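The values are calculated or read from the model by the stated rules, or taken from the named source; none is laboratory data. Computed from a prediction, not measured in an experiment: that's the story for all the values here. Here the Cβ positions follow ideal geometry from the backbone for every residue, glycine too, while neighbour counts run over all protein chains shown.
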Amino acid sequence: MPKIAFMSSSSPEALQAKGTLEALYPSVGPEEADVIVALGGDGFMLETMHFHLDSNIPLYGIHCGSIGFLMNEFSPQDLINRLEKAKPTPLYPLEMTIEENGGPSTKALAFNEVSLLRETRQAAKIQISIDGVIRLHELVCDGILVATPAGSTAYNLSAHGPIIPLEAPLLALTPISAFRPRRWKGALLPERAHITFTILEPKKRPVSAVADFTEVRNVSLVSVCQTKDHSVTLLFDHDHNLEERILREQFLE
């Protein structure tokens, strides 16, 4: 029997589910576990992924929150068998490197997306370079984001970006309410691409940068690339895995 650590969000539903499972199955602390069962929604799963980054302990999410795209369905029965048959899915984050206006550089990781957002009533002006080549001299917009395949169904989809199959070696570059050029809908980039955003008129049109839970305001330059130096492994029920969910999402009416 695998050593299981149960962790939950603070929601009453998740806490009740945690109590139910701990009464049925022996549990250990996270540092002793073979697998961590995270109970909550996608937000709590993202927190758990960041906290246990590079621990080599697989994470099995159980949906007890508002959004559960990264989670499995809750059922207190037959958990051990589900864990043993679950499909492992490794995820690699984006690395965001930021230069602030007059401040030091900052790094942060994102499993879903890195997003740049205007801070005031005025639209942001952003120059976009890919692998050192300027591809868009000036994007006037509310913002722009870079999404991983796992994150392509989150904020990226809400901004009308493409859904990317999980195993596709691609990143989505998606504008948020682009004003000029109006017809630019974004781009699909190889996962090895290095993307650089230069903020034009940063004092007049300040921009913040967000990587999952890390937000830095008043940035002047943001670089984004996927890193293979860090990873987490998520476990999904065999008949309800992440690849199937991403594929299914593209055919919803």
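Some notes on this structure:
- Those residues of the range 75-96 which are surrounded by 16 or more Cβ atoms within 10 Å (Cβ to Cβ) and out of contact with any Pro (no Cβ under 7 Å at 6 or more places or on another chain), in sequence order: LEU79, ARG82, ALA86, THR89, LEU91, TYR92, PRO93, LEU94, GLU95, MET96
- Filter pass, PHE44 being surrounded by 17 or more Cβ atoms within 10 Å (Cβ to Cβ), aromatic (Phe, Trp, Tyr) and not in a helix (DSSP H, G or I): no
- Residue among PRO104, PRO58 that alone is in the same structural domain as SER152 (by TED's automatic domain parsing) and over 30 Å from ARG180 (Cα atoms): PRO104
- Residue that is farthest from THR214 (Cα to Cα) [pool: residues in the range 77-97 that are assigned to a strand (DSSP E or B) and not acidic (Asp, Glu)]: LYS87
- The range 129-148: number of residues that are in a loop (DSSP other than H, G, I, E, B) and crowded, with 22+ Cβ neighbours inside 10 Å: 1
- For THR153: the one exception among (1) under 27 Å from LYS85 (Cβ atoms); (2) touching a helix residue (DSSP H, G or I) at 6+ places or on another chain (Cβ under 8 Å); (3) among the hydroxyl-bearing types (Ser, Thr, Tyr); (4) not in a loop (DSSP other than H, G, I, E, B): (4)
- For the range 98-128, the set of residues classified as assigned to a strand (DSSP E or B) and either surrounded by fewer than 16 Cβ atoms within 10 Å (Cβ to Cβ) or in contact with a helix residue (DSSP H, G or I) (Cβ under 8 Å, 6 or more places away or on another chain) (or both) consists of SER105, LYS107, LEU109, GLU113, SER115, listed by residue number.
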